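Before any comments, here is the structure.
Just so it is clear, none of the values below were taken in a lab; they were calculated from the coordinates. Nothing here was measured: the structure is a model prediction, and the numbers come from that model. Cβ atoms come from the backbone with ideal geometry, glycine included; neighbour counts cover every protein chain shown.
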Amino acid sequence: MTEPLVQTDRTKVRRLAERGSFDRALAHAIIDESYLVHVGFVVDGAPRVLPMTFGRDGDVVYLHGAVGNAMLRASAGAEVCATFTLLDGLVMARSAFHHSMNYRSVVLLGVAEKVEDEDEKRRAFDVIVDHVLPGRSQTARATNPSELRTTLVLKLAIDEGSAKERTGGAVDDEDDLDLPVWAGVIPLAVTPGPPEQDALQLGVPELAALTPPEPARPTSAGR
């Protein structure tokens with residue numbers, strides 16, 4: 001049986017707690033379906049949040065960037081907050097107050113560790129590339145020593161955190177149900193288009209269409 005995410009006072013879901021979950025498998029599924037993670041950190045006493053690509057390997061998320069990257073240098077050995085968000089729909093209610101969104105999200109907290117081992121760094125590169133397109137690391141040129149030296153890699157444990165999701169339609173006040181205002185859900189999804197091959201390539205087989213990962217199935221009803 002998979003251990004749940006660690007529950008702490010700072011990961012407790014207080015607002016609409018019924019939407020929260022500490023299910024590790026659900027967190028993994030949401031992370032795997034995400035293409036970006038927003039990482040919160042502190043530089044010179046000031047907070048910053050940046051979107052980044054990433055890769056998951058088991059219970060670890062890898063981040064990478066240039067060795068001069070201010071966020072990565074500030075985050076090495078420091079507390080960070082990583083947030084993954086999937087927007088599934090716009091919820092239109094009869095009243096302006098009750099408009100909402102259907103979403104799935106994961107928030108992770110912890111210390112980001114600098115990856116020093118060369119083999120683990122190479123593994124992290126492959127994991128990040130394959131997160132975007134599974135198997136891509138096997139066909140693209142491998143990372144060379146110069147690229148390895150000029151790249152900083154951090155890892156964050158998928159340990160302390162929580163997932164949260166909203167599903168379902170509008171939840172209006174009973175007095176508003178007869179209003180002649182359209183209510184419902186406008187579904188949203190990331191849909192890859194046909195691959196556009198580089199114009200300089202000759203004799204290279206075309207890339208097959210990208211197939212998005214299966215969505216994590218929501219388990220909680222929204223309001």
- With axes computed from alpha carbons, what is the tilt in degrees of helix 118-132 against the longest principal axis of the chain, rounded to the nearest 10 within 0 to 90? 40 degrees
- Scaled radius of gyration (Cα, divided by 2.2 N^0.38 Å) that region 1-117 gives: 1.20
- Please report the orientation-averaged projected area of region 77-218, defined via the convex hull of its C-alpha atoms, in nm². 13.6 nm²
- Between helix 24-33 and the chain: long-axis angle, C-alpha atoms, 0 to 90°, nearest 10: 70 degrees
- Long-range amide H partners of S162 with built H, under 5 Å: V107
- Task: May I ask you to list the lysines whose Cα is less than 21 Å away from that of K121, ignoring any residue fewer than eight positions away on the same chain?
- Result: K155
- Say R0 is 35 Å: what FRET efficiency, to the nearest 0.05, do K12 and L179 get from their beta-carbon distance? 0.45
- Using modelled backbone amide H atoms (1.01 Å from N, in-plane), which distant-in-sequence or interchain residues come within less than 5 Å of L188's amide H? G89, L90
- Under a straight-distance cross-link criterion of Cα-Cα below 18 Å, which lysines are reachable from K12, leaving out those fewer than 8 residues away in the same chain? K164
- Task: For a label point 7 Å from the Cα of M92 along Cα→C-beta, name the residues of region 167-199 whose backbone N is under 15 Å from it.
- Result: 169-171, 179-188
- Message: Please report the projected area of region 54-152's Cα convex hull averaged over all directions, in nm².
- Response: 8.7 nm²
- Item | Under 5 Å, built H, 5+ apart or other chain: amide partners of G65 | L152
- Query: Taking the Cα-to-Cβ direction at V43 and at T150 and moving 7 Å from each Cα, how far apart do the two end points lie in nm?
  - Reply: 1.9 nm
